[in-house]
Every structure is written in structure tokens, then in C-alpha cells.
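Any read-out appearing in this document is the output of simple, stated calculations on the displayed coordinates, not a laboratory observation. Predicted, not measured: the structure shown is a model, and the values here were computed from it. Neighbour counts run over all protein chains shown; Cβ positions are idealised from the backbone, glycine included.
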């Protein structure tokens, strides 16, 4: 299936654990892609350098380099278009207050890309290159950075659901307040004009009426999502005043979100601070109510060993395949939730994980929860096409988890 972020299955707020190493900003950093951690290894490395010394408030031109693992330069021909661009750069400073969304242009040599930026803060900026390689057809983030002279500003952990930018008021509402990690739920962004009336003249920007990009306090997690529903197909279409999103925070803690819209031909960025409650074991995991609705599903018996858990998961996935092939989509949710619960038991069963591996496993299980909820949603709706699309990603996540735990001893 060709990647298209307008597909509802791909619009969940998938928190991506970048697993960013403390390498120098000139070195290529990498992380695994997925909702909050690793579905498959990153295949592209990134490095970045300014054309001159960097100072707060002074414009600079940067050169981004993208290379494959074998050292081959990554050109535009190696990347697919995702929301009108082949390279999205999501850039933020240590205080989480100076955010930029840039689209670099090809540079003088293959694999290089240039873009202008005026840093507003001091310290080490993180640069997340949001990419869709032709070779894998899987979204991934190549992570690098640059440093601006001066003393970094600490993160201002202010929590806000309302902000005013350029005279426009932006309100962010979650179906669950405060939002909790570990399960998906809906969120709504509402825009009010300077005249105090609902504003329904949002212009298309990068193939959507809005983009929300979010970072965890330590910038180890990132999200990039778009509204649910029909996307604009022409430049003349307008959106608003309220846009709906699907959110899924895998970890608790402070998150900084930036809603980007376009008004009058100019981008507008609305910042929000969100404190997410840590995940609670056993809490129903669907904002749409599907998992609560199906609360009568039988509890899943958890096998004693990691190997037996994986075998049980494979059986559940095979049952989903049969349900789709046989047109019995109503049976999908039970098998998907059973596979989710089996995989969620792995952290307590697998031994020998170091802290980084444990974090990556937790992240992958967060994505599994998200996708199980989507399998439930599309299965109950009788949408075989979307169910198959989500199942493909579900299988990819499981393959990544298998790589993480196979060979590790059971507790």
C-alpha cells in the first residue's frame, strides 16, 4: 500500500521515541520509527552544519546531509512525497519554545539539502528529518542537530489549553482531561478569529488544514499528525473552525505541542503545554469507546515464556487474517485486543533488557495499543480496506518487537 498520511489509520498521535544518543550535534543520530519507539531500524543517517557561526537572532543557512547505511547519498529520488514534501524538518531548541518546520531544497552535491533559519534561542537544537524512503515505504526520522552560542533556557513547563497568536485564539480540548498515556483518545483544535467569531477560513498547508507537532520534555519523543476527516484537494478549500485529531501518548510527563495552520497565506504556530498522566494498568484504551464497548471480551491467558507469548500472538494475528478474508470483520477486535494484551505482558516476562531496550519495548507496545484500537474501529465499521492497512502496520510492529525480545531469557 502506498503511504498516504490522509489515511485515517496513519493519523493517530504516534509518539516517536527517537532514542537520541548524546552524540555531538554534527554527528548523525538515529532512532527507530513508530508510535513511540522502534518498529524497524532507521535506514537513513543525518548530519547538519550551518554555513557560518550561529548566534541568536541572526539568519543562517544550513546544509543537511542524508546518507544510507552503506554511505550512499540519499537524493530526492530515494524518497517519497508525504504531505506535499519529501523532506520535513521538525526543529526545536532545548527550551521547547523555538520551533521551526522547514523543507530544505537540494544542495550542490547529491544527498545535501539547504535551508535558511534564524535561531531564536541558545543551546543545542534537535532536528528531526521526517522521511519516507522508497526502499522501505516506512516512515522514519533521521535525527541530528546544531548548537547556537549562549546559555540555553530551561523548559517552561506551563500547561495551557488556550493560546492567542496574531489575534487568533486557539483552543485545544482532549476527550479525556487530563490526557493519560497508554491509550488513544480524541482531541479537538478550535480557532476563533480576532472578531470573536468561529474562524472557518483555514487554508490548506502541506495537504492538510493543520499540522500538530509535539515533543516530550527531553525531546526524546516526537509526534507529527494531521486532522481526521477529508483533506483539502484544492487551494481554494477552507477548513475550521474545529478540527478533530486522534491522540495517543505512550508515556506520561510534560509535552509541548505546536499546532501549525495557514491564514492569509502565512503560517501560524500555536503552542500548547500538556501534562500527560502516566499509563494505568488495565485502563480501557479507546477514545472512541470501542474497547469499553467490548469490555466483555474474555481475559487472555498469558503464557509463561516469551517464546510461548509470541506463538500465541501469531495465532491471534492469523485469526485476524482469516476474519478479514472471510468477511467476519466483527471478530477482528477480540483478536486484536488479545494480541495487544499478550504483547503488553512482555516487559514483565523478558529478562536481560538494558534501560534503552526496555524503553524501546515499552514504546513499541504503545504503538500496538494504538493499532489495536484502530483495528477495532475499522473492523466494527466493516471497512476491510482500512483494517488490512492497519493490520499490515500491526504486523510490522510485532516483527520489530520479536527482534527486540527473541534470544532474551524469560523471567
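Arrange the following residues from fewest to most other Cβ atoms within 10 Å of their Cβ: 411, 316.
Details: 411 12, 316 20.
With the sparsest Cβ surroundings first, the list reads 411, 316.
At q = 0.10, 0.14, 0.19, 0.22 Å⁻¹, what is the base-10 log of I(q)/I(0) for segment 162-276 according to the Debye formula with one equal point scatterer per Cα and no solvent? Please give it to two decimals.
For the requested q values the scattering log ratios are -0.28, -0.55, -0.99, -1.26.
Any chance you could check the Cα centroid distance between segment 232-280 and segment 382-400 for me, in angstrom?
Taking the Cα centre of segment 382-400 as reference, the centre of segment 232-280 is 25 Å away.
Translational D (Stokes-Einstein, µm²/s) of the chain at 4 °C and 1.567 mPa s when Rh comes from the Kirkwood sum over C-alpha pairs? Present the calculation step by step, with values, prior to reporting the outcome.
On the way: Rh = 22.0 Å.
So the translational diffusion coefficient is about 59 µm²/s.
As a check on your grasp of the helix formula, calculate [θ] at 222 nm for the chain: sum -39500 (n - 2.57) over DSSP H runs of n ≥ 4, divide by the residue count, round to the nearest 500. Numbers along the way, then the final one.
Working: 6 runs with 89 residues, N = 411.
Value at 222 nm, helices only, nearest 500: -7000 deg cm²/dmol.
Please express the shape of segment 288-411 as an equivalent ellipsoid: the semi-axes are the square roots of 5 times the eigenvalues of the C-alpha gyration tensor, given largest first in whole angstrom. Please report the intermediate quantities before stating the final value.
Values: eigenvalues 131, 38, 34 Å².
For segment 288-411, the ellipsoid semi-axes come out as 26, 14, 13 Å.
How high is the relative contact order of segment 43-137, given as a whole-number percent (alpha carbon pairs under 8 Å, six or more residues apart)? Write down the numbers at each step before the final one.
Details: 189 pairs, mean separation 31.9, N = 95.
Over segment 43-137, the number comes to 34 percent.
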